[in-house]
Amino acid sequence: MKAVQITELTGPDSALAHVELPEPEASHMLTPGSGVVVEVRAAGVSFPEVLQTRGEYQFKPDLPFVPGSEVAGIVRSAPGGAGVSEGDRVAAMCMLGGFAEVAVAPEYLTFALPEALDFAQGAGLILNYHTAYFCLRLRGRLEAGETVLVHGAAGGVGTASLQVAKGLGARTIAVVSSDEKEAVAREAGADEVVRSDGPWKDEARELSGGGVDVVLDPVGGDRFTDSLRSLAEGGRLVVVGFTGGSIPEVRVNRLLLKNTEVVGAGWGAYVMAKPEVNRQIGAEIARLIESGHVRPLVGARYGLDGVADALKLIDSRAATGKVVLEL
Ligand SMILES: NC(=O)c1ccc[n+]([C@@H]2O[C@H](COP(=O)([O-])OP(=O)(O)OC[C@H]3O[C@@H](n4cnc5c(N)ncnc54)[C@H](OP(=O)(O)O)[C@@H]3O)[C@@H](O)[C@H]2O)c1
């Protein structure tokens, strides 16, 4: 099969090789001896793969390896008792191996792909939407009627979080850096959009009548203190990532003074060994697809020969929605 490997840790321009490999066995590292084999039609590209080309991601497989954490495609084979079977359209979290014609995922991280979504949308479903639900609802305890402010709102996690928050009955304020990203955030259902280079903290406080209930933050960096200041009493700031480059520090007296919380949310670390939690989140996302709230926004599309360009687009802060490889 055709596949793309990371062969050295020198960044998107030079780290990749296009190779022919034997097709994988029906066995996944999380479920040795068992796995769903998927004929890949589309593979999602995300920030972690950019970091992996430099050896900067926390999960560091031995070289060479095939990156690609999630795919959509057709089931070739599935173990007995799996919720999917041969011929089904699925979205699958394979963690590695997705930038290839055939990939393998654990049964409990493979989900039926409803007809309402095409394969490219399916390749943007698990990482971003499961993360969004986990961060907003399970970690941030978001309730219907509350207001949530989403940083990096035109990105993969950001657009997913706007849609999931709307599906949970919340009001959404998006923070973005350009006109183009404002349009994407509005398409994803933002009720209000503010600019990251403007007085967004004051605008958010005014738009929410005194402070937001939840901040979802995949960006970090120097906007963190203003995120804390934008919270209402009892508000929760959910730490999701650090695309801004630096890891912020908290002066905890701010939390005491305003009765607020900073909540860490690492979806992968929490759910990987918990089949039941994955099924619970999968069922909630299926419900939100059914109700029309979840519709992954696909941004740039490439073929398997365009992996380097896809990674550079994300690296240059120019990506919107989900970047996808179509096979
Ligand atoms: N905690 C978890 O479980 C979990 C799960 C999945 C992903 N993540 C993390 O969440 C983060 C976002 O992932 P994503 O897929 O949404 O990424 P993305 O699509 O590239 O979006 C990231 C957004 O961050 C903003 N940003 C601000 N400063 C930036 C900079 N210097 N460089 C690049 N972007 C910058 C950009 O929005 P503006 O230009 O509008 O500011 C951009 O749209 C990543 O760090 C990822 O590793 C965490």
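Please work out if GLU284 is acidic (Asp, Glu) and open to solvent by 60 Å² or more (accessible area, probe 1.4 Å).
Judged against the criteria, GLU284 is not a match.
Quick check on region 36-47. Is at least one of its residues more than 16 Å from the ligand (Cβ to nearest atom) and over 23 Å from the mean Cα position of the chain (by Cα)?
no
Here are some conditions: (1) under 21 Å from LEU113 (Cβ atoms); (2) open to solvent by 40 Å² or more (accessible area, probe 1.4 Å); (3) within 17 Å of the chain's Cα centre (by Cα); (4) not hydrophobic (A, V, I, L, M, F, W, C). GLU86 meets all but one. Which one does it not meet?
Every listed condition holds for GLU86 apart from (3).
Inside region 256-267, can you point out the residues that are under 20 Å from HIS151 (Cα atoms) and either out of contact with any Gly (no Cβ under 7 Å at 6 or more places or on another chain) or open to solvent by 70 Å² or more (accessible area, probe 1.4 Å) (or both)?
Answer for region 256-267, where residues must be under 20 Å from HIS151 (Cα atoms) and either out of contact with any Gly (no Cβ under 7 Å at 6 or more places or on another chain) or open to solvent by 70 Å² or more (accessible area, probe 1.4 Å) (or both): GLU261, VAL262, GLY264, ALA265, GLY266, TRP267.
Residues in region 205-216: is at least one without any contact (Cβ under 8 Å) to a residue 40 or more places away in the chain, open to solvent by 50 Å² or more (accessible area, probe 1.4 Å) and under 24 Å from the mean Cα position of the chain (by Cα)?
No, region 205-216 has no match at all.
Which one is most open to solvent (accessible area, probe 1.4 Å), of the residues in region 64-83 that are in contact with a Phe, Trp or Tyr (Cβ under 9 Å, 6 or more places away or on another chain) and not in a strand (DSSP E or B)?
GLY83
Restricting attention to region 137-194, which residues are farther than 18 Å from VAL294 by Cβ, part of a loop (DSSP other than H, G, I, E, B) and away from the ligand (no atom under 11 Å from the Cβ)?
If the condition is that a residue be farther than 18 Å from VAL294 by Cβ, part of a loop (DSSP other than H, G, I, E, B) and away from the ligand (no atom under 11 Å from the Cβ), then ARG141, GLU143, GLY145, GLU146 are the ones that fit.
Mind telling me which of the residues THR147, THR172, THR159 ends up being of a type in the set (Ser, Thr, Tyr), more than 27 Å from GLY268 (Cβ to Cβ) and touching an Asp or Glu at 6+ places or on another chain (Cβ under 9 Å)?
Just one listed residue meets the conditions, THR147.
Those residues that are of a type in the set (D, E, K, R) and over 11 Å from ALA42 (Cα atoms), I need them from region 66-123; list them, please.
Within region 66-123, ARG76, GLU86, ASP88, ARG89, GLU107, GLU115 meet the criteria.
Looking at region 216-235, which of its residues are more than 16 Å from the ligand (Cβ to nearest atom), of a type in the set (A, V, I, L, M, F, W, C) and either in contact with a Phe, Trp or Tyr (Cβ under 6 Å, 6 or more places away or on another chain) or not in a helix (DSSP H, G or I) (or both)?
LEU231, ALA232
Any chance you could count how many residues in region 250-275 are more than 16 Å from the ligand (Cβ to nearest atom), more than 20 Å from GLY220 (Cα to Cα) and without any contact (Cβ under 8 Å) to a residue 12 or more places away in the chain?
2
More than 16 Å from the ligand (Cβ to nearest atom) and in contact (Cβ under 8 Å) with a residue 40 or more places away in the chain, is that true of PHE111?
Yes.
For region 10-27, name all the residues that are open to solvent by 40 Å² or more (accessible area, probe 1.4 Å), part of a loop (DSSP other than H, G, I, E, B) and touching a helix residue (DSSP H, G or I) at 6+ places or on another chain (Cβ under 8 Å).
If the condition is that a residue be open to solvent by 40 Å² or more (accessible area, probe 1.4 Å), part of a loop (DSSP other than H, G, I, E, B) and touching a helix residue (DSSP H, G or I) at 6+ places or on another chain (Cβ under 8 Å), then ASP13 is the only one that fits.
What helices (runs of 4 or more DSSP H), lying completely within region 236-306, carry at least 3 residues that are over 24 Å from GLY169 (Cβ atoms) and modelled with pLDDT of 95 or more?
Output list reads 253-258.
With the checklist (1) in a helix (DSSP H, G or I); (2) surrounded by 23 or more Cβ atoms within 10 Å (Cβ to Cβ) in hand, flag the one item LEU51 doesn't pass.
Here LEU51 meets the rest and fails (2).
The values are calculated or read from the model by the stated rules, or taken from the named source; none is laboratory data. No experiment lies behind these values; they were computed from the predicted model shown. For neighbour counting, all protein chains shown are included, and Cβ atoms are generated from backbone atoms with ideal geometry for every residue, glycine included. Just the protein is used for accessible areas: all its heavy atoms, side chains included, with ligands, DNA and RNA removed. Shrake-Rupley method; radii C 1.70, N 1.55, O 1.52, S 1.80 Å.
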